[in-house]
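*Asks:* Attaching a single structure in structure tokens format; questions to follow.
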Amino acid sequence: MDAWRCAMKTLLLILAGILFSAGLTLGGMTDPKKVISFLDFFGNWDPSLLFVLGGAVVTFCAIFHGVARLEKPIYAPSFEIPQQRKITLKLILGAALFGIGWGITGLCPGPSLVSMFLSPSIFYFVIAMGVGMGFARYFD
Amino acid sequence: MNIAYLIIAGAMLGISVGIVFITLGKVVGISGISKGLLQKVESWRIAFLVGIIGSGILFQILFPQNFDTPKTGSFALILGGLFVGFGTSLCNGCTCGHGICGNARFSQRSMIATLIFIATGAFTVWMRGGVQ
């Protein structure tokens, strides 16, 4: 029974990954130009990302608040909801730096993984991203 | 791409992180999963990432018109990658973690983070002369 539960859990997570890729692909978020066009407020603005993000937020909002009735998640003892409330310097600085990298390349973590094997450039981006993440651990 | 189509694509993202929330109780973004994997290899992270990366390859074949590469030089590309990795790690989230999940939870931290990274992103694009 335990092996079966484990297998189901793994399958559901793989499915979640597939849905994630599908959503990004169909939403056009795997095209850096579409992302940069969204950020190009004063130029050729393309609001596409806004609708994708909006659809995602509303959907997860419904799920998140709807699931509040559940005593516990299906395969874990409890819900792990981030407790940190303070607006810290790390939050501000981190978000600012992330935005710059995002603005330069039009890539953020999710789409970069979906496109990881599309071309060497994106693969190198992912490596650099990993290095950046590893470096950030010194500031934890 | 009409608006309804975009919203449905977004809904798929919402359902995806919703599945992770219902099954494991975790509120996730890709930066968090990747960063966590660097610290500790857990099967659920691998499963999720395999799903994303594996199907990503398939979708590139099925929908090649939806994919493109960044139009930057090598230096800007690597710098961008370092900033995205370092920045998302430092603020504990990305467009998914803060942008989707955090905002859906009405988290003040996430709303502020989202506004900041969109602002600096827009500023960066403006500085570079807009869409190339």
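*Asks:* Would you confirm whether or not segment B:30-46 contains a residue that is surrounded by 15 or more Cβ atoms within 10 Å (Cβ to Cβ), touching a residue at least 60 places away in the same chain (Cβ under 8 Å), within 17 Å of the chain's Cα centre (by Cα) and within 7 Å of chain A (Cβ to nearest Cβ)?
*Replies:* yes
*Asks:* Follow-up question, since we're still on this one. Output yes when any residue across segment A:98-105 is in contact (Cβ under 8 Å) with a residue 60 or more places away in the chain, surrounded by 18 or more Cβ atoms within 10 Å (Cβ to Cβ) and either in a loop (DSSP other than H, G, I, E, B) or not hydroxyl-bearing (Ser, Thr, Tyr) (or both), and no when none is.
*Replies:* Start the filter on segment A:98-105 by keeping residues that are in contact (Cβ under 8 Å) with a residue 60 or more places away in the chain, which leaves A:102-103, A:105.
Filter once more, keeping what is surrounded by 18 or more Cβ atoms within 10 Å (Cβ to Cβ): A:102-103, A:105.
So of that shortlist, the ones also either in a loop (DSSP other than H, G, I, E, B) or not hydroxyl-bearing (Ser, Thr, Tyr) (or both) come out as A:102-103.
Yes: segment A:98-105 contains one or more residues that are in contact (Cβ under 8 Å) with a residue 60 or more places away in the chain, surrounded by 18 or more Cβ atoms within 10 Å (Cβ to Cβ) and either in a loop (DSSP other than H, G, I, E, B) or not hydroxyl-bearing (Ser, Thr, Tyr) (or both).
*Asks:* Does at least one position in segment A:71-80 carry a residue that is in a helix (DSSP H, G or I), over 21 Å from B:Gly130 (Cβ atoms) and open to solvent by less than 40 Å² (accessible area, probe 1.4 Å)? Talk me through it step by step, then tell me what you get.
*Replies:* Taking segment A:71-80 and keeping what is in a helix (DSSP H, G or I), we get none.
Among the residues of segment A:71-80, not one is in a helix (DSSP H, G or I), over 21 Å from B:Gly130 (Cβ atoms) and open to solvent by less than 40 Å² (accessible area, probe 1.4 Å), which makes the answer no.
*Asks:* What is the number of the single condition among (1) within 16 Å of B:Ile53 (Cβ to Cβ); (2) touching a residue at least 40 places away in the same chain (Cβ under 8 Å); (3) open to solvent by 30 Å² or more (accessible area, probe 1.4 Å) that A:Lys90 does not meet?
*Replies:* Failed condition: (1).
*Asks:* Only one of these is facing another protein chain (nearest Cβ under 7 Å) and either aliphatic (A, V, I, L, M) or within 18 Å of the chain's Cα centre (by Cα) (or both): A:Leu70, A:Leu53. Name it.
*Replies:* Answer to the check: A:Leu53.
*Asks:* Which condition number in (1) outside any loop (DSSP other than H, G, I, E, B); (2) in contact with a helix residue (DSSP H, G or I) (Cβ under 9 Å, 6 or more places away or on another chain) is the one that A:Ala68 fails?
*Replies:* The one condition A:Ala68 does not meet is (2).
*Asks:* Scan segment B:53-75 and report the pairs whose first residue is closer than 29 Å to B:Arg128 by Cβ and whose second residue is among the basic types (Lys, Arg), with Cβ atoms within less than 7 Å and a gap of 6+ or a chain change.
*Replies:* B:Asp68/A:Lys33
*Asks:* Right, A:Leu50: part of a helix (DSSP H, G or I) and either in contact with a strand residue (DSSP E or B) (Cβ under 9 Å, 6 or more places away or on another chain) or open to solvent by less than 40 Å² (accessible area, probe 1.4 Å) (or both) or not? Spell out the reasoning first.
*Replies:* On the way: part of a helix (DSSP H, G or I): yes; either in contact with a strand residue (DSSP E or B) (Cβ under 9 Å, 6 or more places away or on another chain) or open to solvent by less than 40 Å² (accessible area, probe 1.4 Å) (or both): no.
Against the criterion (part of a helix (DSSP H, G or I) and either in contact with a strand residue (DSSP E or B) (Cβ under 9 Å, 6 or more places away or on another chain) or open to solvent by less than 40 Å² (accessible area, probe 1.4 Å) (or both)), A:Leu50 does not qualify.
*Asks:* Of all residues in segment B:98-128, how many are more than 7 Å from chain A (Cβ to nearest Cβ) and within 17 Å of the chain's Cα centre (by Cα)?
*Replies:* 6
*Asks:* Cβ-Cβ below 7 Å, separation at least six or inter-chain, first residue in segment A:115-126 and at the interface with chain B (Cβ under 7 Å from one of its Cβ atoms), second assigned to a loop (DSSP other than H, G, I, E, B) and aromatic (Phe, Trp, Tyr): which pairs?
*Replies:* Pairs found: A:Ser115/B:Phe67; A:Leu118/B:Phe67.
*Asks:* Being under 14 Å from the mean Cα position of the chain (by Cα), farther than 25 Å from A:Cys61 by Cα and at the interface with another protein chain (Cβ under 7 Å from one of its Cβ atoms): is that true of B:Gly81 here?
*Replies:* Considered against the rule, which asks whether it is under 14 Å from the mean Cα position of the chain (by Cα), farther than 25 Å from A:Cys61 by Cα and at the interface with another protein chain (Cβ under 7 Å from one of its Cβ atoms), B:Gly81 comes out as yes.
*Asks:* Could you tell me whether A:Gly28 is closer than 19 Å to B:Gly18 by Cα and either in a helix (DSSP H, G or I) or open to solvent by less than 10 Å² (accessible area, probe 1.4 Å) (or both)?
*Replies:* no
The values are calculated or read from the model by the stated rules, or taken from the named source; none is laboratory data. Bear in mind that the values here come from a model prediction, so they are computed numbers and not experimental data. Virtual Cβ from ideal backbone geometry, glycine too; neighbours counted across all protein chains shown. For the accessible areas, the whole protein counts, side chains as well, though only heavy atoms, and no ligand, DNA or RNA atoms are used. Shrake-Rupley method; radii C 1.70, N 1.55, O 1.52, S 1.80 Å.
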